[in-house]
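Worksheet: one structure, shown below.
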Amino acid sequence: MIEISVEAIVQRKYMDRLAREKEVARLDGLLNGVSAFSGKIRDYSAFSYLLEIEPNVSVELPLRKFFTPQANLTFSGMEHLKGGIRDLEHAIRHYLVRDASYTNADSLLSLQKYLSFRVMEQVSMILGEDRDVEVLKMVGEFDTSASESVFFCLRMKSTILILQFNNDINFKRHQKKAKNRTSSAPG
């Protein structure tokens with residue numbers, strides 16, 4: 001008879017969590033790099049991260065709590081992707097490469113398809129065998145920023161994988177206007 005100690009089980013869960021976090025960091029780097037090639041520098045940004053969630057709690061609550069120290073987050077829209085992760089690959093395409101003046105429409109679509117496939121490879125590594133996940137698309141707004149944010153939330157058992165895509169163009173415009181007002185003020 002094989003005896004498995006509680007310590008071995010805890011160690012296994014810790015290693016699984018560590019491996020998952022490493023894959024999320026890789027995905028975050030991929031998203032960050034891809035967003036740098038859209039539009040002008042810092043027009044768009046993208047991130048991935050994990051949040052803990054309690055059973056029977058809405059995905060909105062841990063996401064709001066995550067940002068509360070810096071800003072209040074409100075949601076203006078929520079959509080369940082009925083096909084789950086199967087629909088995610090298509091849903092994220094537009095957010096990966098948005099404004100690419102260096103390519104034509106056909107090449108842009110091919111690039112979006114390729115990059116969304118690569119993102120889904122990383123997502124598959126993070127999910128492991130946990131394929132039955134709820135996938136939500138939520139549009140969020142912050143009270144301290146004019147950035148437009150879209151969150152794709154993949155709810156696993158006790159964790160949420162967040163893919164966050166920001167359109168920072170309006171944020172940059174507001175910062176530029178504020179800077180111009182400050183520099184033109186009599187002093």
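Listed values, structure above:
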read-out: Residue check for Asn56: open to solvent by 20 Å² or more (accessible area, probe 1.4 Å) and either in a loop (DSSP other than H, G, I, E, B) or modelled with pLDDT under 90 (or both); value: yes
read-out: Verdict on Val150 being within 24 Å of Gly33 (Cβ to Cβ), open to solvent by less than 30 Å² (accessible area, probe 1.4 Å) and in a helix (DSSP H, G or I); value: no
read-out: Flag for Gly140 being touching a residue at least 24 places away in the same chain (Cβ under 8 Å), open to solvent by less than 50 Å² (accessible area, probe 1.4 Å), out of contact with any strand residue (DSSP E or B) (no Cβ under 9 Å at 6 or more places or on another chain) and not hydroxyl-bearing (Ser, Thr, Tyr); value: no
read-out: Any hit, the range 28-40, residues being among the hydroxyl-bearing types (Ser, Thr, Tyr) and closer than 21 Å to Asp99 by Cα; value: yes
read-out: Failed item in (1) assigned to a helix (DSSP H, G or I); (2) closer than 21 Å to Asn72 by Cβ; (3) at pLDDT 95 or above, with His174 passing the rest; value: (3)
read-out: Residues satisfying the stated conditions in the range 21-43, i.e. charged (D, E, K, R) and at pLDDT 90 or above; value: Glu21, Lys22, Glu23, Arg26, Asp28
read-out: Residue pairs meeting the criteria (Cβ under 9 Å; at least 6 apart or on separate chains; first within 16 Å of Glu141 (Cα to Cα), in the range 49-69; second open to solvent by less than 40 Å² (accessible area, probe 1.4 Å) and in a loop (DSSP other than H, G, I, E, B)); value: Val59/Ile53; Leu61/Ile53; Pro62/Ile53
read-out: Residue among Gly77, Gly29, Gly33 that is closer than 19 Å to Leu154 by Cα and outside any strand (DSSP E or B); value: Gly29
read-out: Qualifying residues in the range 21-53 (those that are open to solvent by less than 60 Å² (accessible area, probe 1.4 Å) and more than 14 Å from the chain's Cα centre (by Cα)) - the one farthest from Leu109 (Cα to Cα); value: Ile53
read-out: Selected residue (criterion: surrounded by the most Cβ atoms within 10 Å (Cβ to Cβ)) from residues of the range 91-112 that are under 17 Å from Leu163 (Cα atoms) and over 15 Å from the mean Cα position of the chain (by Cα); value: Gln112
read-out: Qualifying residue in the range 68-81 (condition: buried (at least 16 other Cβ atoms within 10 Å of the Cβ), out of contact with any Lys or Arg (no Cβ under 9 Å at 6 or more places or on another chain) and under 19 Å from Phe165 (Cβ atoms)); value: no
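The values are calculated or read from the model by the stated rules, or taken from the named source; none is laboratory data. This is a predicted model, so every value here is computed, not measured. Virtual Cβ from ideal backbone geometry, glycine too; neighbours counted across all protein chains shown. In case anyone asks, the SASA skips ligands and DNA or RNA and just uses the protein heavy atoms, side chains included. Shrake-Rupley method; radii C 1.70, N 1.55, O 1.52, S 1.80 Å.
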